[in-house]
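What follows is a set of notes on a single structure, which appears directly below.
The values are calculated or read from the model by the stated rules, or taken from the named source; none is laboratory data. A quick note: this is a predicted structure, and the numbers were derived from the prediction, not measured. Virtual Cβ from ideal backbone geometry, glycine too; neighbours counted across all protein chains shown. In case anyone asks, the SASA skips ligands and DNA or RNA and just uses the protein heavy atoms, side chains included. Shrake-Rupley method; radii C 1.70, N 1.55, O 1.52, S 1.80 Å.
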Amino acid sequence: MIFRRKIDSELLKWKNETKGEKALLIEGARRIGKSTTALKFAKEHYRSYILIDFGEARESVKQLFFNLLDNLDTFFMILSAEYNVTLYERDSLIIFDEVQLFPKAREAIKYLVKDGRYDYIETGSLISIKENTTGILIPSEERSISMFPMDLEEFAWAMGETKLVEYIKDCFNKKEPLYDSLHKKATLLFNQYILVGGMPKAVDAFLSERKQFSKCDTEKRDILKTYRNDILKLHASYKNKVLSIYDQIPGFLSAHEKRVKISSINPNDKAINYEETFFWLSDSMICNECFLCNDPNVGLSLNENRSFIKCYMGDTGLLISHTFDENTKNDINIYASILNDKLSINKGMFFENVVAQMLVANGNKLYFYTHYSEEKHRNDIEIDFILSSGNKINNRIIPIEVKSTKKYKTESLEKFVAKYKTRVDKAYIIHPKNLSIKENGIICIPAYMTFCL
């Protein structure tokens, strides 16, 4: 099944704005639908297209990039014959799929774009794309765009709930609660999204089995195995560290602070020795990094502390299967238990992970905040996420606390707002309940509204 994706409009914007003067590189984690999206776009907006999958391309095709870039008439003639496709000037698209497997094709973009006959889209997994650039010239005639797993809105489209998400966005903008029956419906949709996640294959399996979780779980475990195998193929010296962090993500997130504690991996090691490890996990988009920022201001990145880090899974559906990887495949009892709040596990780890996932999909970098009280000998303020308002004239910060239960305290967020009141734009609590606004101005939104932030 081919799903509607938000990136579709970005591809059309690229086509209309650049008019062939730049190629488009779609970057993202493995199995998020990059190739399917490019192919769908080609069929809808061009008279013809050629998709070159460099995982399967014949050697004769690869040799064209070595031998005929100085004779593009012949290059395109042979390419057209190889794929039995007629190419039309300014109305054909050539897709370089899995371009990280053949960096020479990426380097050739410079000459192909300059030639101007056709449009070009490259798709590649960040797991490999930046490691395979040694000895090639990265083309300046290339625009990159990040693609993520399906967010809640895209998931809702796939589930046939377009009207519901429009209603959710309208209520968010008006700062009004949903009607109770629709709040319950949206909450069920959100809980399904946590369990299934946003990997297209998993969503397709969930729908094809009439919303059963068995085949969906199998698809997710296959993806997790693919990720693990990719890590095992790393030639870098930090391969074992990457594997250690990857395997222990559920354990880190189940702890109260949800921070990665290097001492639990190696008591004699330091966080600085894992810098490349976290960079790889984040750059591959398997994980979403969240750094400590103890002097929160509009320039959040200027005050980040990379010694303290939270490491969220890029997709919460994958986190569910990763957490229960010791169970046999297709153990749908786990899904039923989570769906009905009957599983004795820290639900907050999944709740916070899915919030992080949706914030990142909206283009936010993640930061958290803690304040240690010498008097109390503990953290007396803990803020899960801090965003920038993005206002060019009066940019301020937005603190967010995530609460997975209906009963909670707001003392930490209130203290933060009081401490940094001149810097704070709005303050949010993300919780399972309907939308409400407290007397102190803190906005409490249901978790399914996170994609609106």
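Structure summary
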{"item": "As computed over the chain, the Cα convex hull volume per residue (Å³)", "result": "168 Å³"}
{"item": "Carbon plus sulfur fraction of accessible area for the chain, probe 1.4 Å, in percent", "result": "47 percent"}
{"item": "FRET efficiency for LYS104 and LEU12, using Cβ-Cβ distance with R0 set to 25 Å, rounded to 0.05", "result": "0.30"}
{"item": "Acute angle (nearest 10 degrees) that the helix 180-196 long axis makes with the longest principal axis of the chain, alpha-carbon atoms", "result": "60 degrees"}
{"item": "Loop GluC sites (Glu not before Pro), segment 84-123, which have at most 11 other Cβ atoms in a 10 Å radius of their Cβ (DSSP)", "result": "GLU89"}
{"item": "Three-way shape call for segment 56-115 based on the alpha-carbon gyration tensor, with the a/c threshold at 1.5", "result": "rounded"}
{"item": "In segment 1-153, lysine pairs closer than 15 Å at Cα, eight or more apart or cross-chain", "result": "11"}
{"item": "Contact order relative to length of segment 396-453, as percent, for alpha carbon pairs under 8 angstrom and 6 or more apart", "result": "33 percent"}
{"item": "Solvent-accessible surface (1.4 angstrom probe) belonging to VAL417, in square angstrom, nearest 10", "result": "40 Å²"}
{"item": "FRET efficiency, 1/(1 + (r/R0)^6) with R0 25 Å, evaluated for SER181 and ALA336 via beta carbons", "result": "0.60"}
{"item": "Cross-link partners of LYS270 among lysines (Cα-Cα below 22 Å; sequence separation of 8 or more within a chain)", "result": "LYS239, LYS241, LYS258, LYS261, LYS310"}
{"item": "Accessible area per residue, Å², the chain with all protein chains present, probe 1.4 Å", "result": "47 Å²"}
{"item": "Only Lys, Arg (+1) and Asp, Glu (-1) charged, at Cβ; the chain dipole about Cα centre in debye", "result": "1060 debye"}
{"item": "Degrees between helix 72-83 axis and first principal axis of the chain (Cα, 0 to 90, nearest 10)", "result": "70 degrees"}
{"item": "Loop-located trypsin sites (Lys or Arg not before Pro) in segment 168-241, at most 15 other Cβ atoms within 10 Å (DSSP)", "result": "LYS175, ARG210, LYS211, LYS233"}
{"item": "Tilt relative to the chain, helix 239-254 - C-alpha long axis, 0 to 90 degrees, to 10", "result": "40 degrees"}
